[in-house]
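The values are calculated or read from the model by the stated rules, or taken from the named source; none is laboratory data. It should be emphasised that the depicted structure is a prediction, and the values quoted were computed from it without experimental measurement. Neighbour counts run over all protein chains shown; Cβ positions are idealised from the backbone, glycine included. Note: accessible area is taken over every heavy atom of the protein model, side chains too, but ligands, DNA and RNA are not part of it. Shrake-Rupley method; radii C 1.70, N 1.55, O 1.52, S 1.80 Å.
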Amino acid sequence: MKTSIKLIYTILSLLLLTISCKENNSNTKDYEIGFFDERSMSFKVLDIERNTIKEIVKIEDENSGWNRKISWSPNGEEFGFTGIVKGIPGTHIYTIDKGTTRTVMETNNYDIKNKEKELQFWHPDGYLIHHFKWHSKGDAGIYSVSLDGKIKDITRNEGKYWDYFPNLYPDGRIGYFSINKTEKSPVNKYYEINLDGAVKKEIGQIEKMDTPLFSSTISKDLKSMFIGEEGEIYQYIFHTKELKNLTNTPNIYELGVSLSNDGNSIIYSRSETPNRDPMKSDNPTMNIYRMSLKSLDVEQITFGDNYFTFPSFRPVHNKT
């Protein structure tokens, strides 16, 4: 009798645990994607499960938003972005559950070129990482901006380098590309640095990466980097220094690579046809695609006459 009671108790416990796990899993979402809509000049979020797109916040700039992207907070409840909001060019934070926007840094107060397009990602230690180009100094560097608007120079290049397009490592390090302006034949090199700039490591020149465009992201295992460059998506293996062209579509333009939450796939924007390439057409189209890193199979996520750029998965968060 005691054995039967114990067995029943064990079965009930397992059932309750299974139900609890299912409820917990249903309260998280791995497949919301934030992106920029070039035509409406607004940041939007795609819910893949519900097949819906919601406009979150619109910016007031008249020109293309190229290199504007959603920079998710680590908990996925907010995102940072750059643009003109209520006449103020700068870095802003949007809180999703409240539907409110606050300005972190007004770039009119600084000697910065491209005042509205410089935020790259939200560091887990609570800083917004930018690359700024300065009018007076004629250089570019990597800077952190605290949530109360304080700027700190991370790379401290003293005007000798162009440091640009930083990316975030899962362990908090920052990678970036750099060109030494003082060299007669400058080459583009890749570096790693910590948040306070105290520890810097040169990785070296990455073959064929002369002008990396707009985005790169690091794999979960820290073994490789995915790069959007000259209309293709590449994978660079750090140990072997091997560069693989993952898309290999010479007549189709891709940009804006980002890693999924589970690390098993990447998403990016892709032009629909060669004659509607964003570099060649006055009426370009770009939709969002996902590639499995295991099989390299490609899946189209959005369809239609869209111009969507710089997609990124929203970090796992509680459903609302």
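Any idea how many residues of the range 272-297 are farther than 30 Å from residue 316 by Cβ and either open to solvent by less than 50 Å² (accessible area, probe 1.4 Å) or of a type in the set (S, T, N, Q) (or both)? Don't jump to the end; show me each part of the working.
Taking the range 272-297 first, the residues farther than 30 Å from residue 316 by Cβ are 272-285.
Then keep just the ones that are either open to solvent by less than 50 Å² (accessible area, probe 1.4 Å) or of a type in the set (S, T, N, Q) (or both); that gives 273, 275, 277-278, 281, 283-285.
Adding up the residues that qualify gives 8.
Counting only residues that are of a type in the set (Phe, Trp, Tyr) and under 19 Å from residue 88 (Cβ atoms), which one in the range 34-47 is surrounded by the fewest Cβ atoms within 10 Å (Cβ to Cβ)? Talk me through it step by step, then tell me what you get.
Filtering the range 34-47 down to residues of a type in the set (Phe, Trp, Tyr) leaves 35-36, 43.
Next, from what is left, pick out any that are under 19 Å from residue 88 (Cβ atoms): 36, 43.
Numbers: 36: 26, 43: 23.
Taking the candidates together, the pick is 43.
Whether any residue in the range 255-264 is touching a Leu at 6+ places or on another chain (Cβ under 8 Å) and of a type in the set (Val, Ile, Thr) is what I want to check.
Among the residues of the range 255-264, not one is touching a Leu at 6+ places or on another chain (Cβ under 8 Å) and of a type in the set (Val, Ile, Thr), which makes the answer no.
Is it the case that the range 242-263 has a residue that's exposed (fewer than 12 other Cβ atoms within 10 Å of the Cβ), under 16 Å from the mean Cα position of the chain (by Cα) and farther than 30 Å from residue 187 by Cα?
yes
I'd like to verify a number: residues in the range 288-314 that are of a type in the set (Ser, Thr, Tyr) and part of a loop (DSSP other than H, G, I, E, B), how many? Can you show your working first?
Step one: list which residues in the range 288-314 are of a type in the set (Ser, Thr, Tyr), which gives 289, 292, 295, 302, 307, 309, 312.
With part of a loop (DSSP other than H, G, I, E, B) added as a condition, the list becomes 295, 302.
Within the range 288-314, residues that are of a type in the set (Ser, Thr, Tyr) and part of a loop (DSSP other than H, G, I, E, B) number 2.
Any residue in the range 178-189 that's more than 24 Å from residue 216 (Cα to Cα): show its pairings with residues that are open to solvent by 70 Å² or more (accessible area, probe 1.4 Å) at Cβ separation under 6 Å, as long as the two are six or more apart or on different chains.
182/160
One line per residue, one yes/no per condition, for (1) among the basic types (Lys, Arg); (2) closer than 28 Å to residue 118 by Cα; (3) at pLDDT 95 or above:
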site	(1), (2), (3)
232	no, yes, no
241	yes, no, no
257	no, yes, no
266	no, yes, yes
271	no, yes, no
276	yes, yes, no
279	no, yes, no
302	no, yes, yes
319	yes, no, no
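Among the residues of the range 19-45 satisfying the criterion of being β-branched (Val, Ile, Thr) and modelled with pLDDT of 50 or more, which is farthest from the chain's Cα centre (by Cα)? Outline the logic, then answer.
Quick first cut of the range 19-45, residues β-branched (Val, Ile, Thr) only: 19, 28, 33, 45.
Within this subset, residues satisfying the condition of being modelled with pLDDT of 50 or more are 33, 45.
Values: 33: 11, 45: 14 Å.
Across the range 19-45, the extreme among qualifying residues is 45.
So residue 230 ticks every box in (1) without any contact (Cβ under 8 Å) to a residue 24 or more places away in the chain; (2) farther than 24 Å from residue 36 by Cβ; (3) open to solvent by 40 Å² or more (accessible area, probe 1.4 Å); (4) not aromatic (Phe, Trp, Tyr) but one. Which box is left unticked?
It is condition (2) that residue 230 fails.
On the basis of being on the phi < 0 side of the Ramachandran plot and surrounded by 12 or more Cβ atoms within 10 Å (Cβ to Cβ), does residue 311 make the cut?
Details: on the phi < 0 side of the Ramachandran plot: yes; surrounded by 12 or more Cβ atoms within 10 Å (Cβ to Cβ): yes.
Spelling it out, residue 311 is indeed on the phi < 0 side of the Ramachandran plot and surrounded by 12 or more Cβ atoms within 10 Å (Cβ to Cβ).
Since residue 55 meets every condition but one in (1) surrounded by 14 or more Cβ atoms within 10 Å (Cβ to Cβ); (2) in contact with a Phe, Trp or Tyr (Cβ under 9 Å, 6 or more places away or on another chain), which condition does it not meet?
In the conditions (1) surrounded by 14 or more Cβ atoms within 10 Å (Cβ to Cβ); (2) in contact with a Phe, Trp or Tyr (Cβ under 9 Å, 6 or more places away or on another chain), residue 55 misses (1) alone.
Return the pairs, sorted by first residue and then second, in which the second residue is modelled with pLDDT under 90 and charged (D, E, K, R), the first residue lies in the range 241-268 and is under 24 Å from residue 33 (Cβ atoms), the beta carbons are less than 7 Å apart, and the residues are 6+ apart or on different chains.
Listed by first residue and then by second, the contacts come to 253/277; 261/30; 262/30.
Go through the range 151-169 and report how many residues are open to solvent by less than 50 Å² (accessible area, probe 1.4 Å) and either in contact with a helix residue (DSSP H, G or I) (Cβ under 8 Å, 6 or more places away or on another chain) or without any contact (Cβ under 8 Å) to a residue 24 or more places away in the chain (or both).
2
Quick grid of which residues meet (1) among the small types (Gly, Ala, Ser); (2) over 29 Å from residue 272 (Cα atoms); (3) at pLDDT 95 or above:
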| position | (1), (2), (3) |
| --- | --- |
| 178 | yes, yes, no |
| 185 | yes, yes, no |
| 188 | no, yes, no |
| 200 | no, yes, no |
| 203 | no, yes, no |
| 209 | no, no, no |
| 212 | no, no, no |
| 228 | yes, no, no |
| 246 | no, no, yes |
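Condition test on residue 50, is it out of contact with any strand residue (DSSP E or B) (no Cβ under 6 Å at 6 or more places or on another chain), at pLDDT 70 or above and surrounded by fewer than 20 Cβ atoms within 10 Å (Cβ to Cβ)?
Numbers: out of contact with any strand residue (DSSP E or B) (no Cβ under 6 Å at 6 or more places or on another chain): yes; at pLDDT 70 or above: yes; surrounded by fewer than 20 Cβ atoms within 10 Å (Cβ to Cβ): yes.
Taking the combined requirement at face value, the residue satisfies it.
Taking strands (runs of 3 or more DSSP E) that do not extend beyond the range 136-199, which have at least 2 residues that are farther than 20 Å from residue 81 by Cβ and hydrophobic (A, V, I, L, M, F, W, C)? Working first, answer last.
On the way: elements: 140-146, 151-153, 161-168, 174-180, 188-193.
Answer list for the range 136-199: 174-180.
Go over the candidates 95, 82 one by one and state the one that is modelled with pLDDT of 95 or more and within 18 Å of residue 34 (Cβ to Cβ).
On the way: 82 fails: modelled with pLDDT of 95 or more.
When all the criteria are applied, what remains is 95.
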